[in-house]
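The values are calculated or read from the model by the stated rules, or taken from the named source; none is laboratory data. Everything quoted here is computed from the prediction, not taken from an experiment. Cβ placement follows ideal geometry from the backbone for every residue including glycine, while neighbour counts extend to all protein chains displayed. Calculation scope for accessible area: heavy atoms of the full protein, side chains included, ligands and nucleic acids excluded. Shrake-Rupley method; radii C 1.70, N 1.55, O 1.52, S 1.80 Å.
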Amino acid sequence: MKEISITQPDDWHLHVRDGAALLSSVPFTARQFKRAIIMPNLAKPVVNVEMALAYRNRILDATPQNIMFDPLMTLYLTNKTSREGIKQASQSKHVHAAKLYPAGATTNSDKGVSKIDDLWPVFEQMEIEQLPLLVHAEVTDTDIDIFDREQVFIDLHLSSIREAFPELPIVLEHATTAQAVEFVKNYKHTAATLTPQHLLFNRNALLVGGIQPHNYCLPILKRETHREALITAATSGDPKFFLGTDSAPHTKQAKENSCGCAGCFTAHAAMELYTEIFDAEDALDKLEAFSSFYGADFYRLPRNKSTITLIKKEWQAPKSYPFAEHSIVPFRHEQALQWQIAD
Ligand code: NCD
Ligand code: ZN
């Protein structure tokens, strides 16, 4: 097949940052996705509706004028989040979920949740309001191996939250392991987003031939057996698994550093990458539902009406893109990419 047209997709996990960086990040997403779940982990986290609405307006200001892009906002859970805060969130038409970052798990998570058990009243309120709980599913204990942190989080925390609040919609964000896939399959009202990097690469992509900082993200890339489990989940037509890029821009300087930041910037070629992945699996017939139906259905939002077309035609992403006053190195830069979005 040389060409495929699908309903316009949505990105169910995205970081666009803030300030001048928005002008660099938002257009990449808005040119292909109709909507995106905007992660709240700013340097000053988005902890209430007022902040979410102000952030949404800044994102809209950075959206090219001829494009109708709808940023779907989320709140950042902290030790101080209240039931009242959740009620307000669920009453806002622009706030669609709340995100649990275990404190210290990833970029800008230091103000996240340090004692998850204390948040149970909040989870109960979210269950009542049917406000989805998005989870960065990794423990932060220094004695847990970084490759085991997702599985241990599922066993120690996510399973008990899941059992205690059976009607709460939960998204296990950026799932990376076979255990995460099994967990999601085993429970109702449970879904996972899958990123291009975790579908394309195993952990060799971090270390073989030298350290590859632009493939470093959290949760970290895992063994090939896990990648295979993710591929099977993505291409099986199971509505519990849908698209979420986790595109997470950091400047070139912050990535190519003696202590480099976690996050892959994939927004420049998101649908191109997913299409390549599904094509390689002979599963292009499953791409549309994964990209454009299952996420909307889970969030109880209407499916998009517009369409996009991808054509099979090789191209290369540049070495870098401008990013505010800095630059950013895109994922799979200067390597052959198979698909392009038709104008
Ligand atoms: C994300 C970021 O940089 O904001 N980084 C990442 O490695 N994925 C945060 C996150 O989603 O963990
Ligand atoms: Zn993320």
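Would you mention how many residues in the range 293-343 are assigned to a strand (DSSP E or B), touching a residue at least 24 places away in the same chain (Cβ under 8 Å) and of a type in the set (Gly, Ala, Ser)? Count: 2. Taking every residue in the range 188-214 that is closer than 14 Å to residue 225 by Cα and pairing it with any residue that is surrounded by fewer than 21 Cβ atoms within 10 Å (Cβ to Cβ) and of a type in the set (Lys, Arg), at least 6 positions away or on another chain, the pairs with Cβ-Cβ distances below 7 Å are 202/223; 203/223. Among the criteria (1) assigned to a loop (DSSP other than H, G, I, E, B); (2) within 16 Å of ligand 1 (Cβ to nearest atom); (3) touching a residue at least 12 places away in the same chain (Cβ under 8 Å), the one residue 253 does not fulfil is (1). From the list 29, 81, which residue is hydroxyl-bearing (Ser, Thr, Tyr) and more than 16 Å from ligand 1 (Cβ to nearest atom)? 81 is the lone residue from the list that is hydroxyl-bearing (Ser, Thr, Tyr) and more than 16 Å from ligand 1 (Cβ to nearest atom).
Screening residue 220 against (1) of a type in the set (Val, Ile, Thr); (2) part of a loop (DSSP other than H, G, I, E, B); (3) under 19 Å from residue 283 (Cα atoms) leaves a single unmet condition, (3).
Condition check ((1) over 19 Å from residue 174 (Cβ atoms); (2) in contact with a strand residue (DSSP E or B) (Cβ under 8 Å, 6 or more places away or on another chain); (3) of a type in the set (S, T, N, Q); (4) open to solvent by 10 Å² or more (accessible area, probe 1.4 Å)) across all residues:
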{"position": "3", "(1), (2), (3), (4)": "yes, yes, no, yes"}
{"position": "14", "(1), (2), (3), (4)": "no, yes, no, no"}
{"position": "18", "(1), (2), (3), (4)": "yes, no, no, yes"}
{"position": "31", "(1), (2), (3), (4)": "yes, yes, no, yes"}
{"position": "34", "(1), (2), (3), (4)": "yes, yes, no, yes"}
{"position": "44", "(1), (2), (3), (4)": "yes, no, no, yes"}
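Against the criterion of being open to solvent by less than 10 Å² (accessible area, probe 1.4 Å), of a type in the set (A, V, I, L, M) and assigned to a loop (DSSP other than H, G, I, E, B), residue 199 does not qualify.
Exactly one residue among 122, 139, 184 is β-branched (Val, Ile, Thr) and either closer than 30 Å to residue 258 by Cβ or within 16 Å of ligand 2 (Cβ to nearest atom) (or both), and that residue is 139.
Which residues, taken from the range 45-66, are assigned to a helix (DSSP H, G or I) and under 23 Å from residue 86 (Cα atoms)?
49, 50, 51, 52, 53, 54, 55, 56, 57, 58, 59, listed by residue number.
Against the definition (part of a helix (DSSP H, G or I) and hydroxyl-bearing (Ser, Thr, Tyr)), how does residue 225 come out, yes or no? Yes; evaluated as a whole, the condition is true for this residue.
With respect to the numbered conditions (1) within 16 Å of ligand 2 (Cβ to nearest atom); (2) within 24 Å of residue 82 (Cβ to Cβ); (3) open to solvent by 40 Å² or more (accessible area, probe 1.4 Å), which one is the sole condition not fulfilled by residue 149? (2) is the only condition that residue 149 fails. Residues in the range 308-331 include none that are under 18 Å from residue 216 (Cβ atoms), open to solvent by 30 Å² or more (accessible area, probe 1.4 Å) and within 16 Å of ligand 2 (Cβ to nearest atom). Filtering the range 98-107 for residues that are of a type in the set (S, T, N, Q) and over 17 Å from the mean Cα position of the chain (by Cα) leaves an empty set. Look at the range 23-43: where a residue is over 19 Å from residue 8 (Cα atoms) and a partner is more than 13 Å from ligand 2 (Cβ to nearest atom) and modelled with pLDDT under 95, sitting 6+ places away or on another chain with Cβ atoms under 8 Å, you get 23/324; 24/324.
Out of 63, 74, report the one residue that is within 15 Å of ligand 2 (Cβ to nearest atom), over 30 Å from residue 143 (Cα atoms) and surrounded by 17 or more Cβ atoms within 10 Å (Cβ to Cβ).
From the options 63, 74, the qualifying one is 74.
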